[in-house]
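Shown next, in structure tokens, is the structure this report addresses.
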Number of protein chains: 2
Amino acid sequence: MDLGMEMARTEISLRISAILVLVLTACVVAFDTQTKAIIFTIEKKASYRDLYALKILVYVTSAAAGYNLLQLCKYPALAYFGGIFKGSYMIVAWISLLLDQIMVYVTFAANSATFEAAMLGVTGAEALQWMKVCNKFTRFCIQIGGALLCCFAASILMAIMASVSAYKLFRMYSPNWFLRLKTK
Amino acid sequence: MDLGMEMARTEISLRISAILVLVLTACVVAFDTQTKAIIFTIEKKASYRDLYALKILVYVTSAAAGYNLLQLCKYPALAYFGGIFKGSYMIVAWISLLLDQIMVYVTFAANSATFEAAMLGVTGAEALQWMKVCNKFTRFCIQIGGALLCCFAASILMAIMASVSAYKLFRMYSPNWFLRLKTK
């Protein structure tokens, strides 16, 4: 089968899976609430707004899903404008690689930061007198844990995607000359 | 100039800079202590051992520095064994790319996690009743901030390194056939 088609199919399926997992993460975090009675009628509600890291995770995963959706529009756009602007394939490949790399690092950073905040919620930090909170809001914490796993899976999908972008771009270059395109 | 030589020189200078910045990060975090009198003679000492994330940052940056040092031994090893094992260049390039990618993500994750912990130290989290600690141990926190900047610089250097590894490997492959080596 044609390599270009095959690569495009891989890319599209990777991006669609990433979008699904990212949207799932954002929803799981955003709709995670738990209400607990503290003393008699005083209730406390835990939600993702309580922790800055969780808010950022929701924004970042939504943005990453939107970005991957935009990337899917690349193919119809290239098919339409590719004939008009010569050399647009290489420019699009470079931009895709750069943006893919940036998005995967940003998603991964948000995931790691939230993981650290969640670990502090589970273990607390005695030296800083930060209490555990997950023994009170157990179900809330388990749901966040699930979202973090989803986001980790999405990060891996996006990292593979970035590698595919790098492969698609760099195989065009000559092995003997720096950044010179191959003749064949 | 010969492209192989040129690339090797870029790689070696990138790796040496990364090692220097990583060692600097580990030292700045590990030797950061501040003692503060709480009430009269009761003193409290802040060190990197107080927070799990800081401990992990020290270990990860040390490990990443060690890994880059090992990678520098690749060139003499390839020069020595390259003639004996045919095709060892491609295997080494694939392993380098994989390990580079893993190390840059691990370093970046440790950096992001510590950044989140540090932000919690600066702002606190009212909803979880976690107090600010950086208003008491200001100098300690500023030093950690410096270390995080260093570690971020090291992550960027390692990300560029991983891209160079990808370029070195993928330009060997044909643009028309999947994972087939170029004839020229």
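Residue B:70 meets the conditions (1) loosely packed, with under 13 Cβ neighbours inside 10 Å; (2) assigned to a loop (DSSP other than H, G, I, E, B) in every case but one. The failed one is (2).
Does residue B:58 fit the bill of being open to solvent by 30 Å² or more (accessible area, probe 1.4 Å), at pLDDT 95 or above and either of a type outside the set (S, T, N, Q) or closer than 30 Å to residue A:130 by Cβ (or both)? I'd like the intermediate steps shown before the answer.
Details: open to solvent by 30 Å² or more (accessible area, probe 1.4 Å): no; at pLDDT 95 or above: yes; either of a type outside the set (S, T, N, Q) or closer than 30 Å to residue A:130 by Cβ (or both): yes.
Against the criterion (open to solvent by 30 Å² or more (accessible area, probe 1.4 Å), at pLDDT 95 or above and either of a type outside the set (S, T, N, Q) or closer than 30 Å to residue A:130 by Cβ (or both)), residue B:58 does not qualify.
Residues in region B:119-142: is at least one within 30 Å of residue A:177 (Cβ to Cβ), of a type outside the set (Gly, Ala, Ser) and buried (at least 22 other Cβ atoms within 10 Å of the Cβ)? There is no residue in region B:119-142 that is within 30 Å of residue A:177 (Cβ to Cβ), of a type outside the set (Gly, Ala, Ser) and buried (at least 22 other Cβ atoms within 10 Å of the Cβ). Contact annotation: residue pairs with Cβ atoms under 7 Å, 6 or more positions apart or on different chains, pairing a residue in region B:34-51 that is closer than 15 Å to residue A:127 by Cβ and within 12 Å of chain A (Cβ to nearest Cβ) with a partner that is open to solvent by less than 90 Å² (accessible area, probe 1.4 Å) and basic (Lys, Arg), are B:38/B:44; B:44/B:36; B:48/B:55; B:49/B:55. Would you say residue A:96 is surrounded by fewer than 20 Cβ atoms within 10 Å (Cβ to Cβ) and either in a helix (DSSP H, G or I) or not hydrophobic (A, V, I, L, M, F, W, C) (or both)? So residue A:96 fails the test.
Scanning region B:164-184 for residues that are more than 7 Å from chain A (Cβ to nearest Cβ) and in a helix (DSSP H, G or I), we see that the one that is nearest to residue B:90 (Cα to Cα) is B:169.
Would you please name the residue that is farthest from residue A:23 (Cα to Cα), looking only at residues in region A:60-76 that are without any contact (Cβ under 8 Å) to a residue 12 or more places away in the chain and more than 15 Å from the chain's Cα centre (by Cα)? Per the criteria, the residue is A:76.
Any chance region A:2-10 includes a residue that's surrounded by fewer than 21 Cβ atoms within 10 Å (Cβ to Cβ) and outside any helix (DSSP H, G or I)?
Residues of region A:2-10 surrounded by fewer than 21 Cβ atoms within 10 Å (Cβ to Cβ): A:2-10.
Keeping just the survivors that are outside any helix (DSSP H, G or I) gives A:2.
Scanning region A:2-10 turns up at least one residue that is surrounded by fewer than 21 Cβ atoms within 10 Å (Cβ to Cβ) and outside any helix (DSSP H, G or I).
Looking at region B:1-33, which of its residues are acidic (Asp, Glu) and in contact (Cβ under 8 Å) with a residue 24 or more places away in the chain? Within region B:1-33, B:11, B:32 meet the criteria. Scanning region B:130-184 for residues that are over 29 Å from residue B:45 (Cα atoms) and of a type in the set (S, T, N, Q) turns up B:155, B:163, B:165, B:174, B:176, B:183. For region B:52-64, the set of residues classified as more than 10 Å from chain A (Cβ to nearest Cβ) and within 21 Å of residue A:118 (Cα to Cα) consists of B:54, B:55, B:57, B:58, B:59, B:60, listed by residue number. Looking across region B:116-151 at every residue that is more than 7 Å from chain A (Cβ to nearest Cβ) and part of a loop (DSSP other than H, G, I, E, B), the one that is nearest to residue B:31 (Cα to Cα) is identified as B:137. Scanning region B:142-184 for residues that are farther than 15 Å from residue B:23 by Cβ and among the hydroxyl-bearing types (Ser, Thr, Tyr) gives B:163, B:165, B:167, B:173, B:174, B:183. Would you check if there is a residue in region B:170-177 being open to solvent by 20 Å² or more (accessible area, probe 1.4 Å), farther than 30 Å from residue A:129 by Cβ and among the charged types (D, E, K, R)? No, every residue in region B:170-177 fails to be open to solvent by 20 Å² or more (accessible area, probe 1.4 Å), farther than 30 Å from residue A:129 by Cβ and among the charged types (D, E, K, R). Within the span defined as region A:102-115, every residue fails to be assigned to a loop (DSSP other than H, G, I, E, B) and within 13 Å of another protein chain (Cβ to nearest Cβ). Within the option set B:118, B:93, B:166, B:162, being within 20 Å of the chain's Cα centre (by Cα) and under 24 Å from residue B:49 (Cα atoms) holds for one residue only, B:118. Starting from residues that are open to solvent by 60 Å² or more (accessible area, probe 1.4 Å) and part of a helix (DSSP H, G or I), keep the ones in region B:13-49 and report whichever is farthest from residue B:73 (Cα to Cα). Among them, the one singled out is B:49. So, of the residues in region A:152-163 that are open to solvent by less than 20 Å² (accessible area, probe 1.4 Å) and more than 10 Å from every other protein chain (Cβ to nearest Cβ), which turns out to be farthest from residue A:10 (Cα to Cα)? Going through the qualifying residues, I end up with A:154.
The values are calculated or read from the model by the stated rules, or taken from the named source; none is laboratory data. Note that this is a predicted model, so its numbers are computed, not measured. Here the Cβ is made from the backbone with ideal geometry for all residues, glycine too, and neighbour counts use every protein chain on show. Remember, those area values only see protein heavy atoms, side chains included, never the ligands or the DNA or RNA. Shrake-Rupley method; radii C 1.70, N 1.55, O 1.52, S 1.80 Å.
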